[in-house]
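Visitor: I have a structure here, written as structure tokens, and I will follow up with some questions on it.
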Amino acid sequence: MTSPSVSSGPGLPIASVERETGLSKDTLRVWERRYGFPTPERDVNGERLYTPTQVRRLAQIKRLMDRGHRPGKLMTLDEAGLLALDQARSSAWPSPDDQQLEHWLNLVKTHDTEALQRAFHRELAKRGMTRFVQDIVAPLIARVGEAWSRNELGVFEEHLFSQHLEKLFRTTLANMTPQTGHPRVLLTTLSGEEHTLGLLMVEALLVVEDAYPVLLGPQTPIDEIVRAAQIKAVDAVCLSFSTAYSPALAAQGLRDLRQMLPADTQLWAGGYGVKPIRKAIDGVCLMPEFQDLFDCLARWRSEPGGKTADDLK
């Protein structure tokens, strides 16, 4: 077995690569072990150094992932193959611009739910579930939340919007729910968090990624989450937090739950409610953006006993 080369020449440290590409340090390390790329050199202190060529390739892979391509497939392509994919940007499903988002927000304000539902179904069929969640639902939820905070929307409009989205996800998931999959992920919220839309969105992404969601519903006491995780033999527990939930309470709840869960059961937490949590919580994978869910999945699948999506096919 050859040892990594030691370099004192130019190269970017892993923190800079994370900043330049948008790929987390954990993801870079997972890919290095699983795919053999990137292949960083080492400085005199043993720290990873990435060449400019590798950084450009990583940034290109990240762009393609954001458009729905899976990393396992992208890693098999040479430079020409990646370039061909990168240049084949389809105008059929560009990310919505501000004008489109404002139009959809106006449908919420004017209670035109039929037009909104037609738009949702059209975009879901055109983009697929992953891009629909990331490109349409997530930014529109943010717009609705901002409008509500400015008193441009009432509780009635916000609730109606959420209910229609939940109905869409439940109907779609009824035809998607798998019988098997890995990891097994328990989905719930802590006591006091009654919003379920975030859970439905994560459930949809897990199904697309060949994971198996175990649904517990919202507002579950911590001791019951622990009991359910043990009885259902899950690999991870995933909690959702909305902006209505106190970040301080969320952080404390996550610390308490982490202490009570078995060490080999991962704990993930996502939603707009975790964005204000700036300090990392030991043993918790925070997911302020939906893209971060894929990092949590990659981390689990890189561990001994973890399964890749390709292993399940």
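The numbers here are math on the coordinates, done by the rules we state, and not lab data. Because the structure is a prediction, the values reported are computed rather than measured. Don't worry about glycine lacking a Cβ; one is built from the backbone with ideal geometry, like all the others, and counts go over all protein chains shown.
Visitor: Find which of T188, A233, A138 sits farthest along the positive direction of the dipole of the chain, computed with +1 on the beta-carbon of Lys and Arg, -1 on that of Asp and Glu, about the Cα centre.
Guide: About the Cα centre, the residue reaching furthest to the positive side is A233.
Visitor: In debye, nearest 20, what is the charge dipole magnitude of the chain about its Cα centre with +1 on Lys and Arg Cβ and -1 on Asp and Glu Cβ, if you could check?
Guide: Computed charge dipole of the chain: roughly 560 debye.
Visitor: To check you understand DSSP bridge types, tell me what percent of the beta bridges within segment 166-313 (both residues inside) are antiparallel, rounded to 5.
Guide: Values: 0 of 19 bridges.
Beta bridges within segment 166-313, antiparallel portion: roughly 0 percent.
Visitor: So, one more: Could you point to the residue in H159, T172, L197 farthest towards the positive end of the chain's charge dipole, with +1 and -1 charges on the Cβ of Lys/Arg and Asp/Glu respectively?
Guide: Selected residue: T172.
Visitor: Let me ask you something else. Cα-based Rg (one decimal) and Dmax (whole number) for segment 233-291, in Å?
Guide: 10.8, 31
Visitor: Helix-derived [θ] at 222 nm for the chain: sum -39500 (n - 2.57) over DSSP H runs of at least 4, divide by residue count, nearest 500? Spell out each step's value before the answer.
Guide: On the way: 13 runs with 154 residues, N = 313.
Mean residue ellipticity at 222 nm (helix-derived): -15000 deg cm²/dmol.
Visitor: In whole Hz, what ³J(HN,Hα) sequence does segment 16-24 give by Karplus (6.51, -1.76, 1.60; θ = phi - 60°), x for Gly and Pro?
Guide: 5, 5, 4, 5, 6, 9, x, 9, 5
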